[in-house]
Amino acid sequence: MSVLLVCDGLLQRSTKKMPLFAYLVITSIILCGIAYYYYHDRDLTLRIYVLNYGFGLIFLYSLLNLLSLRRGIFTEKLLFWLLAAFTAQFFVRTALTSHGIPSDGVEFSTSIFWLTLQFSLAILGVAFSLALLAVVVSDKMFTLEQERAVDPLTNLLNRRGFTEQAEKLLSDEAETPISLLQLDIDYFKSINDTFGHPVGDCVLTSVAQIISKVSGPSAICARMGGEEFSVLVPRTGPANAFRLADKIRRAVKETHYTVLPAKRKITVSIGVATAKPHFTLDRLLLVADNALYAAKRSGRDRIESTSETVSKRREIATY
């Protein structure tokens, strides 16, 4: 059971699972084999074969389902190869030392098999356990890092998480051109005042889901605070960024929000900016914020891009 539980834990960590039927079959085969060669045909060597090869097959099944760990972080790669070595030793060690097993079992504790077993478990078992511990610690650190960078209400990045990922993206020339969309839910305060904050939270969550879905997996989406969102899209010039903004605007407006009356529409105003070679993240945010401000001044439920706003707002042209 300890072997099955360890393997099941490894599989579940990778969102896989050993079927319950497989549990029952494997356990039954091993226990029946041991019982047969103890009570019916007493043979220590065959009992050892059943037990060791049975354990080896369980670990081998898990190993074949965890091949993705080879492409993971360092601790995952280390865990995979130690698991591979630990799996192999059940087959190799048993085959190489089976000739040293006493037939009567009297001198079993001094046999080559037993001494090799203790040595291999002492080395590989401890190493495998330490690798498991390292992966657990790594997973916990990753979880804490995610919690630090993710907005708990919308599951989008928060300002800190957005800043960290956006700066990395802006530093990669292969991702250019890069465009930024600054979005703000129109008249959101009236929703909270009229229907209450729980309804406002539901609207925020729904809008966040729309933004994430429409923007696609390559975009960096974040809730920057309150009812304001940011979307940073790589390899996207001004024209495509404007089209993406319009898709988001239409999707938000056409969605029916069950927590609101049927006639109540939600709209967003969006400012669009495309980074120039000398732009920092702060400057790009400022340009997009200015475009958003222009959109809100023009009547809301609108999109303004830097190219459209330069003639209207001189401060944008300076960047």
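Results, tabulated for the structure shown:
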read-out: Residue that is modelled with the lowest pLDDT [pool: residues in the range 4-22 that are open to solvent by less than 30 Å² (accessible area, probe 1.4 Å) and assigned to a loop (DSSP other than H, G, I, E, B)]; value: M18
read-out: Test: residue in the range 102-113 that is more than 21 Å from G225 (Cβ to Cβ), open to solvent by less than 60 Å² (accessible area, probe 1.4 Å) and either assigned to a helix (DSSP H, G or I) or at pLDDT 90 or above (or both); value: yes
read-out: Single residue of I270, I266 found to be under 30 Å from the mean Cα position of the chain (by Cα), in contact (Cβ under 8 Å) with a residue 60 or more places away in the chain and not in a helix (DSSP H, G or I); value: I270
read-out: Residues satisfying the stated conditions in the range 167-206, i.e. open to solvent by less than 70 Å² (accessible area, probe 1.4 Å), out of contact with any Asp or Glu (no Cβ under 8 Å at 6 or more places or on another chain) and under 25 Å from D282 (Cβ atoms); value: L170, D172, E175, P177, I178, S179, L180, L181
read-out: Residues satisfying the stated conditions in the range 147-171, i.e. charged (D, E, K, R) and at pLDDT 90 or above; value: D151, R159, R160, E164, E167, K168
read-out: Residue in the range 23-31 that is part of a helix (DSSP H, G or I), open to solvent by 70 Å² or more (accessible area, probe 1.4 Å), among the aromatic types (F, W, Y) and out of contact with any Gly (no Cβ under 9 Å at 6 or more places or on another chain) present; value: no
read-out: Test result for R302, modelled with pLDDT of 85 or more and more than 32 Å from the chain's Cα centre (by Cα); value: yes
read-out: Selected residue [open to solvent by 60 Å² or more (accessible area, probe 1.4 Å), touching a Leu at 6+ places or on another chain (Cβ under 9 Å), at pLDDT 90 or above and not aromatic (F, W, Y)] from T274, T280; value: T280
read-out: Among the candidates T154, T176, T205, T236, residue that is over 19 Å from the mean Cα position of the chain (by Cα) and closer than 28 Å to P261 by Cβ; value: T205
read-out: Filter result (closer than 30 Å to R70 by Cα and loosely packed, with under 12 Cβ neighbours inside 10 Å) within the range 147-166; value: E147, R148
read-out: G33, sole failed condition from (1) within 21 Å of S109 (Cα to Cα); (2) modelled with pLDDT of 90 or more; value: (1)
read-out: Qualifying position, being closer than 26 Å to D8 by Cα, open to solvent by less than 60 Å² (accessible area, probe 1.4 Å) and either at pLDDT below 90 or touching a strand residue (DSSP E or B) at 6+ places or on another chain (Cβ under 9 Å) (or both), among L124, L82; value: L124
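The values are calculated or read from the model by the stated rules, or taken from the named source; none is laboratory data. Note that the structure is predicted; figures quoted are calculated from it, not measured. Here the Cβ is made from the backbone with ideal geometry for all residues, glycine too, and neighbour counts use every protein chain on show. Protein only, heavy atoms only, side chains kept; ligands, DNA and RNA dropped before computing areas. Shrake-Rupley method; radii C 1.70, N 1.55, O 1.52, S 1.80 Å.
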